Amino acid sequence: MRNKLFKRKSLDLIIKEKGESESLNKVLGVRDLVSLGIAAIVGAGIFSTIGLASYEGGPAISLLFVFVAFACVFTALSYAQFASTIPVSGSAYTYAYVAFGELFAWIIGWALVLEYAVSNIVVSISWSQYFVTMLEGFGIHIPAWLSMAPQYAIEAQQKLTQQGPEAMTIADNLGLRAYETAPRIGDIPIIFDLPSGIIIALITWLVYRGIKESRRASNIMVMVKIGVILAIIVGGAFFVNPENWVPFAPNGLTGVMGSVAAVFFAFIGFDSISTTAEECKNPQRDLPRAMIITLLICTILYVAITLVLTGMVNYTELNVKDPLAFVFKYIGVDYLAGIISVTSVIAITSALLVYQLAQPRIWMTMSRDGLLWKKFSTIHPKYKTPSFATIVTGFVVAIPSMFFKMDFFVDLTSVGTFFAFILVCAGVLYMDYSGLSKQSKFRVPYINGKYLIGMALLTAWILIWKFNQEALLEWKNLDFMYIVEHKSLIIIFWLVWLVLSVMGFKYNFSLLPVIGILINLYLMTELGTSNWVIFLIWLGIGLIVYFFYGYKHSKLNNSASES
């Protein structure tokens, strides 16, 4: 059984299976891939969560964007090497199949459901908020009970009962209005986010129709969003007050690192273009280029717009869901705020498009391997898209987006993504060790980490001992259960670093993928244990599905048994 669980796919087998499967349309070039990458990254993150991040970390949040981008560069290089070696759909799922075997492939595929499907839930909820605001600017008002998750309204009513009207905020009053005006079945108010469900249905229809239509729509929306972001940066620069940048890090390192989930969410998506490998004209050349170019462009835009936002308005005012429009309202330029609201709807729509493209292609690839029901690999005879998987993705995203709060999904999305990123970086180490890297048309630059990984660990501990005695004293005063509940992730981080130091010395590990593993793992420790508990429950459900269906129907294992 152990041999079956960890049986790896060979590159020759993957290429053979690709040739035997019904093909997708090969229409994407570097420019299209960069457009899709920007469409995925520059979405709800910059138009929504960037406000919360700035509120918690102050102007110094711009440095966190650089740090997270730094982490993503190492991951992007690893994705690029895999994409140049294995030019098929499936992204990290397929890469894990080659590097670690079937069980890890299933786990990473299941985690990618969180990255793509759950990310789109967050993005669609954000889209709904901007859309409702935009319509109000034209005098069209959607009833409150038709434009929010029911939990917002219930919490608002409870807050009024427990704390009184003086404690109510503008958002609370909106939720209360939804609670009071909603139609009822008995005593249960009927409240849901209709715009969120509708946009997912429309995007799913577009993705279903074909990659050409999706590419054309994405290119147009990306041009619009880049235009408005550049306009915000250039126009907002004239209203920057340098005094707003003082203090630069008002809440210290804790405030900055506390925004990791929000900032990292703003970068999720650069890896999604690897799922379109079978629709690329030259995936082994174009995918690596597109990933690096996309990440570079988005990092520059993020840092610039963060400095402009925190320079225009004091960071304490930015705890809003539409920060880009808010800052121009704040300084009295209402017409530009209105333009931003309209264009942000277009911008966020493009992010929805890319995520809805990515998820069905993951399921399609898993189905081809026999790990999911065969229907998921069905290709539409006319549109050449994974039709059934696309429809299922629409339901999986649309229904939760209408009934759940955004906050629930943001951190959960980041956990799944970090997990995928770590395994991809580790996969490159396996490719180097096994010799597969020789077949890669793009390789992560090799720097021998034999001594450097261990030296870096020793240096880190010396610095902590010399300059951060307070932290060591704090650990001495913590009881065992508190450490298990709140500090277990940081312990795992140091243990992984120690193991990598030993293995790096033994196997001459490449330094850059190791840096990618450690940075992503450290960022994961900032997300909190509760998110990990939910993630582990999700993985538990996935393992049940695998052992009841995937293990029995695995084409790789069944073919091995027959032979």
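Tabulated data for the structure shown
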{"item": "Those helices (runs of 4 or more DSSP H) lying entirely in the stretch 325-434 with at least 3 residues over 30 Å from Pro150 (Cβ atoms)", "result": "334-368, 407-434"}
{"item": "Some residue of the stretch 159-174 being open to solvent by less than 30 Å² (accessible area, probe 1.4 Å), at negative phi and within 28 Å of the chain's Cα centre (by Cα)", "result": "no"}
{"item": "Filter result for Lys329 (open to solvent by 40 Å² or more (accessible area, probe 1.4 Å), among the basic types (Lys, Arg) and within 30 Å of Ile107 (Cβ to Cβ))", "result": "no"}
{"item": "Any hit, the stretch 303-311, residues being under 27 Å from Ile220 (Cα atoms), part of a helix (DSSP H, G or I), open to solvent by 10 Å² or more (accessible area, probe 1.4 Å) and in contact with a Gly (Cβ under 7 Å, 6 or more places away or on another chain)", "result": "yes"}
{"item": "Residues being farther than 19 Å from Leu429 by Cβ and open to solvent by 80 Å² or more (accessible area, probe 1.4 Å) - total across the stretch 484-500", "result": "2"}
{"item": "Qualifying position, being of a type in the set (D, E, K, R) and either in contact with a strand residue (DSSP E or B) (Cβ under 9 Å, 6 or more places away or on another chain) or surrounded by 13 or more Cβ atoms within 10 Å (Cβ to Cβ) (or both), among Lys466, Lys438, Lys450", "result": "Lys450"}
{"item": "Failed criterion for Ala60 (all others in (1) over 20 Å from Pro288 (Cα atoms); (2) at pLDDT below 85; (3) touching a Phe, Trp or Tyr at 6+ places or on another chain (Cβ under 9 Å) hold)", "result": "(2)"}
{"item": "Inter-residue pairs, beta-carbon under 9 Å, first more than 23 Å from Gly416 (Cα to Cα) and part of a helix (DSSP H, G or I) and in the stretch 542-563, second modelled with pLDDT of 90 or more and hydrophobic (A, V, I, L, M, F, W, C), 6+ apart", "result": "His553/Leu371; His553/Leu372; His553/Trp373; Lys555/Leu371"}
{"item": "Residue satisfying condition, being at pLDDT 85 or above and either more than 13 Å from Leu309 (Cβ to Cβ) or out of contact with any strand residue (DSSP E or B) (no Cβ under 9 Å at 6 or more places or on another chain) (or both), within set Ser48, Ser78, Ser84", "result": "Ser78"}
{"item": "Any hit, the stretch 368-390, residues being under 29 Å from Val68 (Cα atoms) and of a type in the set (Phe, Trp, Tyr)", "result": "no"}
{"item": "Condition check for Ala40: open to solvent by less than 10 Å² (accessible area, probe 1.4 Å) and modelled with pLDDT of 85 or more", "result": "no"}
{"item": "Lone qualifier among Ala266, Ala249, Ala290 - being of a type in the set (Gly, Ala, Ser) and in contact with a Lys or Arg (Cβ under 9 Å, 6 or more places away or on another chain)", "result": "Ala290"}
{"item": "Residue list for the stretch 95-136, filter: within 19 Å of Asp334 (Cα to Cα) and in contact with a Ser or Thr (Cβ under 6 Å, 6 or more places away or on another chain)", "result": "Tyr130, Val132, Thr133, Met134"}
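For every residue, the table says whether it meets (1) among the polar types (S, T, N, Q); (2) open to solvent by 10 Å² or more (accessible area, probe 1.4 Å); (3) in a helix (DSSP H, G or I).
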position	(1), (2), (3)
Tyr97	no, no, yes
Ile107	no, yes, yes
Glu115	no, no, yes
Val118	no, yes, yes
Val122	no, no, yes
Ile125	no, no, yes
Ser128	yes, no, yes
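Matching residues to (1) of a type in the set (Gly, Ala, Ser); (2) within 20 Å of Phe131 (Cα to Cα):
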| residue | (1), (2) |
| --- | --- |
| Ala171 | yes, yes |
| Ala178 | yes, yes |
| Phe192 | no, yes |
| Arg215 | no, no |
| Ile220 | no, yes |
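The values are calculated or read from the model by the stated rules, or taken from the named source; none is laboratory data. Just so it is clear, the model here is predicted, and its values are computed rather than measured. Neighbour counts are summed over all protein chains in view; Cβ atoms, including those assigned to glycine, are modelled from backbone coordinates with ideal geometry. Surface accessibility is based on the protein's heavy atoms, side chains included, excluding ligands, DNA and RNA. Shrake-Rupley method; radii C 1.70, N 1.55, O 1.52, S 1.80 Å.
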